[in-house]
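Novice: A single structure is presented below for examination.
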Amino acid sequence: MKALAARRHHRSAPVVLLLLALLLTGAVYAIAQPASADAAQAAASESDVAAGQKLFQANCATCHGVSAEGREAVDGGAGGPSLIGVGAAAVDFQVGTGRMPAQMNGAQIQAKPVQFDDEQIAQLAAYVASLGAGPSIPSEEQVDPSKGDAANGMALFRTNCAMCHNAVGAGGALSQGKWAPALTDTTPTHIYEAMLTGPQSMPVFNDANITPDEKRDIIAYLDEQRDGSPGGLTLGSLGPVGEGLWAWVVGIGLLIGASVWIGAKSS
Amino acid sequence: MSTHHDPSTDVTTRGDGALPERFDDPGLHEHRARVGDSDPKANKRAERQVVVLFTISILGTIGAIVAYALVPPGETVGTMRLSNLLLGLGLFLGLAGIGLAAVHWAKALMNDHERAEDRHPTASSDSVRVKAVEALREGAKDSAIGRRGVLKGAMVTSLALFPLAIAVPLVGNLGGGWDVSQSKRTMWRRGTRLTIDPSGRPIKASDVTIGSAFHVIPEGLEETEHPLNEKAKAVVLMVRMDPRDIKSEQGEGWSYDGILAFSKICTHVGCPVALYEQQTHHILCPCHQSTFDAADGAKVVFGPAHRPLPQLPITVDDEGYLVAQSGFDSPIGPSFWERLT
């Protein structure tokens, strides 16, 4: 501490401090940035049901039961809901975003690197879809952002989604450690499937509530947000937290630097 | 901090331990000449630096005008961003160049000899103050304000009344907000259909699947005189859960087959509370984290809110559409209005 104290009056101390603050900001931002969820679309085919059943029994039956009937969590062991009637869309979303198979307990199941390839996901989806009628995977056309009306999508997103997912889909906090994930890297198909099936804390938005066309409008709105903001850096679109950090660290730092320079005598 | 005192710098331990009566004015410290004061080359260099800074400002200003002319904002985010960036950079260089040049000029080229200016008392001299008091006293005597009581009353009244000419129109123009009872009623009546926000489609009970959350406005909202005012009071969050999960309701038979409708205005300070977690049946307010349990009569389970979200009693009409049984039973919004009833 003594060495630090001796150097704090050094003329370059404000500059060094400012650089350290900038470095810290950058590092925090790099860590806080959400990992990209790489997901692929899969088309279901009925001939895959048998292969899907084998995959299911090897990878999913521990929690969801051997015939997907669901299992209660006993003595801290793993348990999972029944998958009869959840449909191919739920499987494609949960497995396609890496949320399933789940690897650890926590406030909520997290997206992580996808464990299966497109064909295996399609086989699993075909098997679960064969157990009972449920929402199916949307077609390419249903999720094509270029066919949607982004302005109407914004009105719908604001009413139905923005309270949890943030006005531009940057994500947000829920209660007791749960959170609504950012939608910046979610594929259009997965966005559609999430609305249709209501994974985890998210409510279901069925086709009577938000029609297929309106779902595509929402996807178009979210797609527009990926171009960034015309105003420049979005700073995470998190409002006062990110913007305040920059104003206080960078803005005030520059002001302090300028006043130190103006006050210092010329050498 | 060191505990070892150095007697030569520590005033309290000097000599007999007593503080000196007065500290002597240490005066200005010795003037240190700049390199540029003795070296003409360095002086010339500083001058060139100032010229360069002014040139940067000139180029920045020209750049901003050129950018305005050649790079319009256009239609896409990319072009808007480029236009903003170039305009901003030009403005920044234009102003920062002038500022930096002026400061550098003053610091490196202008006279930098230290100067001290003494402070003087700001009060006027005693004779001037005595004269002023005398003039005031004479004026008061001349106006005879002490004797003429009616005149004094008229003056005080006119002065006191004048601010009303500004205050009355100012307060009056606040609008028709004086009818407090307006804030107690919402659009919901017996038989008002529940419709989807913002499209206004009526909702069939059979369309509300378990786990759903519908954002609801009353039918006919857009036809009212002030749709936004009505919407601000009447918005409703409607959810459906397994009827076996419902622990309690605010009134007997107010839900329909697991479908529950609650006011979306937080009872704390009136934020729209709509973060519905379908697994826990919790409704979370994003402003201050008040949490309501939709399965238990919207009871407050966490946070600063003091009473449950008012429940809207619902049922279905002949065609199977969801309708209100009546308006809200308790006042919606911040608990303030409840105290007025």
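The numbers here are math on the coordinates, done by the rules we state, and not lab data. In this text, all values refer to a predicted model and were calculated from it rather than measured experimentally. Using ideal geometry, Cβ is built from the backbone for each residue, glycine included, and neighbour counts are taken over all protein chains shown.
Novice: I'd like to compare B:116-129, A:165-178: which one has the highest average count of other Cβ atoms within 10 Å, and what's the full order after that?
Specialist: On the way: B:116-129: 7.3, A:165-178: 18.1.
In decreasing order of mean packing, B:116-129, A:165-178 become A:165-178, B:116-129.
Novice: Shielding by partners for B:102-115, please: the mean number of other protein chain Cβ atoms within 10 Å of each residue's Cβ.
Specialist: Values: counts 0, 4, 3, 0, 2, 7, 2, 1, 1, 0, 2, 0, 1, 0.
Per residue, the number of nearby Cβ atoms from other chains is 2 on average.
Novice: Along the Cα→Cβ direction, 7 angstrom out, place labels at residue A:50 and residue B:43. What is the inter-label distance in nm?
Specialist: Distance between label points: 9.9 nm.
Novice: Okay, next question. Which whole-Hz ³J(HN,Hα) couplings does region B:195-202 yield from phi under the Karplus relation 6.51 cos²θ - 1.76 cosθ + 1.60, θ = phi - 60°, glycine and proline marked x?
Specialist: 10, 7, 8, x, 6, x, 6, x
Novice: Continuing with this model, one more query. For each pair in A:178/B:231; A:112/A:147; A:147/A:178; B:184/B:299, compute the distance between the two Cα atoms and list the pairs where it is over 28 Å.
Specialist: Correct reply: A:178/B:231; A:112/A:147; A:147/A:178.
Novice: Mind giving me the FRET efficiency for residue A:103 and residue A:226? R0 is 25 Å, r the Cβ-Cβ distance, nearest 0.05 is fine.
Specialist: The value I calculate is 0.30.
Novice: A further question follows. Let me know the mean shielding of B:269-275 by other chains, meaning the per-residue number of their Cβ atoms within 10 Å of its Cβ.
Specialist: That average works out to 3.
Novice: Related question: Excluding same-chain residues fewer than 8 positions from residue B:107, which lysines have a Cα within less than 29 Å of its Cα?
Specialist: A:265, B:41, B:44
Novice: What is the list of residues in region B:96-120 whose amide nitrogen lies under 20 Å from a point 7 angstrom out from the Cα of residue B:55, following Cα to Cβ?
Specialist: B:96-106, B:108-109
Novice: Let me ask you something else. Under a point spin-label approximation (7 Å from Cα along Cα-to-Cβ), what is the residue B:244-residue B:190 distance to one decimal in nm?
Specialist: Result: 3.6 nm between the two label points.
Novice: Here's another thing I want to ask about it. From the backbone phi of region B:313-322, what are the Karplus-calculated ³J(HN,Hα) couplings (6.51 cos²θ - 1.76 cosθ + 1.60, θ = phi - 60°) in whole Hz, Gly and Pro given as x?
Specialist: Values, residue by residue: x, 10, 7, 10, 8, 4, 8, x, 7, 6 Hz.
Novice: While we're here: What ³J(HN,Hα) values, in whole Hz, does the Karplus curve 6.51 cos²θ - 1.76 cosθ + 1.60 give for region A:104-114 when θ = phi - 60°, with x put for Gly and Pro?
Specialist: 8, 7, x, 4, 7, 6, 9, 5, 8, x, 5
Novice: Another question, then. Within a Cβ distance under 14 Å of residue A:226, other residues only, what is the Lys/Arg minus Asp/Glu net charge?
Specialist: Net of charged neighbours comes to -3.
Novice: Among B:82, A:85, A:139, which residue has its Cα furthest toward the positive end of the charge dipole of the protein assembly as shown, with +1 on Lys/Arg Cβ and -1 on Asp/Glu Cβ?
Specialist: Value: B:82.
Novice: Could you work out how far apart the two model spin labels at residue A:248 and residue B:112 are, taking each label as a point 7 Å from the Cα in the direction of the beta carbon, and quote it in nm?
Specialist: 3.6 nm
Novice: So what is the relative contact order for chain A, in percent, with contacts set as C-alpha pairs under 8 Å and at least six apart?
Specialist: 19 percent
Novice: Taking every residue in A:225-231, how many Cβ atoms of other protein chains lie within 10 Å of its Cβ, on average?
Specialist: Average neighbour count from other chains, rounded to a whole number: 4.
Novice: 222 nm [θ] for chain B, helices only, -39500 (n - 2.57) per DSSP H run of 4+, per residue, to 500?
Specialist: -12000 deg cm²/dmol
Novice: Another one. Using amide H atoms built in the peptide plane, which far-off residues or other-chain residues are under 5 Å from residue A:234 H to H?
Specialist: Residues meeting the criterion, in which the H sits 1.01 Å from N, are A:229.
Novice: Treating the beta-carbon of each Lys and Arg as +1 and of each Asp and Glu as -1, no other charges, what is the dipole magnitude of the protein assembly as shown about its Cα centre, to the nearest 20 debye?
Specialist: 2900 debye
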